[in-house]
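The values are calculated or read from the model by the stated rules, or taken from the named source; none is laboratory data. For clarity, every value in this text was computed on a predicted model and none was experimentally measured. Here Cβ is always computed from backbone atoms with ideal geometry, including for glycine, and neighbour counts include all displayed protein chains.
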Amino acid sequence: MLSENTVTRLAALTHRADAKRGVCWLPLAGIVWDDEFPSLRELFAVPEEDRKQIFRLFTLRVARWRKESLAEDDLGFWEELRAQVPEWAFFQRQTVTAEDLQAQNDAEKETADGLKALFDDADEVTITEEDGVQSFSATFDLKKDERAKTKASLLKRILDRWR
């Protein structure tokens, strides 16, 4: 269940016929309409557990668009939150056009490509998943090139002595 604060924020996001579709690279990696997603400032004003539930809903909606079967607990979760915020614009878009699905697929691929490029340079990457929501962490050793140069210089000096 979402907190009362989050329900109030989402309930204010009512469906508009003229809403514009856009892409949210992170955290959603997909398409979203401007009447259904709170600003990032508002999103990060809600409790973390509520944010995770919102992200899970977006993941489930894409699965529904693709006509994928949902697990029983996912269906229950979907219905529980829809009952909590039925007027939220998010729940008004249960089907999409082929163009929308292509835009969703493109957004997912571009996000994955961007993250791969970022992770390729990371020294350590951790990816976790909970309820269909992935989280990641990347660690970069910003001094490794400096240390490598120092080690190479030291090795060169040692070898030069032996010559």
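Structural remarks
- The lone criterion from (1) of a type outside the set (K, R); (2) in a helix (DSSP H, G or I); (3) modelled with pLDDT of 80 or more left unmet by V96 is number (2).
- Hits in the stretch 79-90 - residues which are within 18 Å of S3 (Cβ to Cβ) and surrounded by fewer than 18 Cβ atoms within 10 Å (Cβ to Cβ): E80, R82, A83, Q84, P86, E87
- The one condition from (1) more than 18 Å from the chain's Cα centre (by Cα); (2) loosely packed, with under 15 Cβ neighbours inside 10 Å that K116 does not meet is (1).
- Every residue from the stretch 127-149 that is out of contact with any Asp or Glu (no Cβ under 6 Å at 6 or more places or on another chain) and either in contact (Cβ under 8 Å) with a residue 24 or more places away in the chain or assigned to a strand (DSSP E or B) (or both): I127, T128, E129, E130, D131, G132, V133, Q134, S135, F136, S137, A138
- Scanning the stretch 91-104 for residues that are surrounded by 12 or more Cβ atoms within 10 Å (Cβ to Cβ) and touching a helix residue (DSSP H, G or I) at 6+ places or on another chain (Cβ under 7 Å) returns F91, V96, L101, Q104.
- Some residue of the stretch 60-71 being part of a loop (DSSP other than H, G, I, E, B), over 17 Å from D131 (Cβ atoms), modelled with pLDDT of 95 or more and of a type in the set (A, V, I, L, M, F, W, C): no
- Set side by side, the residues R66, R82 differ, and just one is without any contact (Cβ under 8 Å) to a residue 60 or more places away in the chain and in contact with a Phe, Trp or Tyr (Cβ under 7 Å, 6 or more places away or on another chain), which is R82.
- Residue pairs meeting the criteria (Cβ under 6 Å; at least 6 apart or on separate chains; first more than 18 Å from G30 (Cβ to Cβ), in the stretch 111-126; second of a type in the set (S, T, Y)): D123/T139; E124/T139; T126/S137
- Selection over the stretch 18-46 of residues that are surrounded by fewer than 19 Cβ atoms within 10 Å (Cβ to Cβ), at pLDDT 95 or above and assigned to a loop (DSSP other than H, G, I, E, B) gives a count of 5.
- Residue match in the stretch 47-67 (condition: more than 23 Å from N105 (Cα to Cα), exposed (fewer than 14 other Cβ atoms within 10 Å of the Cβ) and not acidic (D, E)): yes
- Flag for L75 being at pLDDT 95 or above, outside any loop (DSSP other than H, G, I, E, B) and surrounded by 18 or more Cβ atoms within 10 Å (Cβ to Cβ): no
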